[in-house]
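The values are calculated or read from the model by the stated rules, or taken from the named source; none is laboratory data. All values derive from a computational prediction rather than experimental measurement. Cβ coordinates were reconstructed from backbone atoms using ideal geometry, including for glycine residues, and neighbour counts include every protein chain displayed. Quick note on the areas: whole protein, heavy atoms, side chains included, nothing else; ligands and nucleic acids left out. Shrake-Rupley method; radii C 1.70, N 1.55, O 1.52, S 1.80 Å.
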Amino acid sequence: MTEYNIDYLNSLIENKVEENLNLDYKAAGSLDKQNNKTTEISKDVSAFANSDGGILIYGIKEDKVNKHLPEKIDPINRKDFTKEWLEQIIQDKIRPRISDFKIHPIEINNEQVVYVVDIKKSNTAHQAFDKKYYKRYNFQSTSMYDYEIRDILNRAKNPEIELDFELKDKHSTLVVYAVNIGRILAKYLNVDFKIPKQIIEGNEYSPFNKMTFETYNLDNTIRDVLDVEFTGLMQVSEKYGPSRYEPILPNRRFKLTEIKIGNHPFDDENYLEWEIFCDNANPKKGTVKMNQLLNK
């Protein structure tokens, strides 16, 4: 779990972490008690809930030249804009109410603060204060079409699978998990997962190599151990049964694979790509830059 503190903010700025589907930066001026500003808050928060969830940071200014990159901390006066005020805006200006969100205040000094709003993906469609529905698209909150709203309302009928990643062994191993964030049991899962070939351990790395990918076909199958035989001193032979699908319960995760990674995996151009197929749910595609995993 990410720890939201001043080091987290500085890491985003120093590593030039770009805005994406799950991350948005807002300068201090984005919080205002005028009606149009509070409408914008409801628009941005509901867009995250209607899409894939994510982190909305009030108190980081974007770079004027390099759009969507963080430039510096732009703190908020906590006396003028309290955590409770922001929480009330989110609860009162969005319908139906969003319940699964949390505001993390990061203190800059006694008077100034940055608010990190962690918004979870919702199982229903939420309407902003202007009576419109929004989604995250190309770093922005944009209006939704009718079919998109209907797709959100169907989330409660199908499993909702996301991929989660863990770096272990001093960042030399990438572990890929499937997480069931929905309310429905996931029975059959298949994932086409792509990773740059040259960052896999044992492969030759060159900054001049053309980007090519290694594709893994992953699923939620396991094989049960049927018998164990001792074949010699400290040696064990295990006999396995046929593969079978292991259902993924809601709010549980399933380890899909571990991949050993080699040189320069966190260079800016390296990213992961995947497409998820699960039961009757619509296929879902996603990407993430390798260097973003360092901030998880």
From phi via Karplus (6.51, -1.76, 1.60), per-residue ³J(HN,Hα) for segment 272-279 in Hz, x at Gly/Pro: 9, 9, 7, 9, 10, 10, 8, 6
Cross-link pairs Lys187/Lys255; Lys255/Lys289; Lys64/Lys168 - those with Cα-Cα distance over 25 Å: Lys64/Lys168
Partners for Lys210 among aspartates and glutamates (Cα-Cα distance below 19 Å; same-chain residues under 8 apart left out): Glu201, Asp267, Asp268, Glu269, Glu273
Out-of-range pairs (alpha-carbon distance over 18 Å; input Lys43/Lys79; Lys26/Lys132; Lys93/Lys135; Lys16/Lys285): Lys43/Lys79; Lys26/Lys132; Lys16/Lys285
Segment 121-137 residues near the modelled Trp85 label - backbone nitrogen below 20 Å, point 7 Å along Cα→Cβ: 129
Accessible area per residue in Å² at 1.4 Å probe, computed on the chain: 57 Å²
Table column - 3J(HN,Hα) (Hz), segment 116-122, Karplus curve with 6.51, -1.76, 1.60, x for Gly and Pro: 9, 9, 9, 10, 8, 5, 9
For segment 180-242: rounded, prolate or oblate by the Cα gyration tensor [a/c cutoff 1.5]: oblate
Cα gyration tensor shape of segment 39-90, rounded if a/c is under 1.5, else prolate or oblate by comparing a/b with b/c: oblate
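Contact order normalised by length for the chain, with contacts defined as Cα pairs under 8 Å and 6 or more residues apart; what percent is it? If you can, show how the numbers build up before the last one.
On the way: 620 pairs, mean separation 46.5, N = 296.
That works out to 16 percent.
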Peptides ranked, highest mean first, by Cβ atoms within 10 Å: ranges 283-295, 37-49: 37-49, 283-295
Karplus 3J(HN,Hα) series, Hz, for segment 222-227 with 6.51 cos²θ - 1.76 cosθ + 1.60 (x for Gly, Pro): 9, 10, 7, 7, 8, 7
Cα-centre dipole for segment 145-239 with unit charges at Cβ (Lys and Arg positive, Asp and Glu negative), debye to 20: 200 debye
Distance in nm between pseudo-label sites at Glu166 and Ser11 (7 Å out along the Cβ direction from Cα): 1.7 nm
Residues whose placed amide H lies under 5 Å from that of Arg183, excluding near-sequence neighbours: Glu160
Rounded tilt (10° steps) of 83-92 against the dominant C-alpha axis of the chain: 80 degrees
Whole-percent carbon and sulfur share, accessible surface of the chain, 1.4 Å: 46 percent
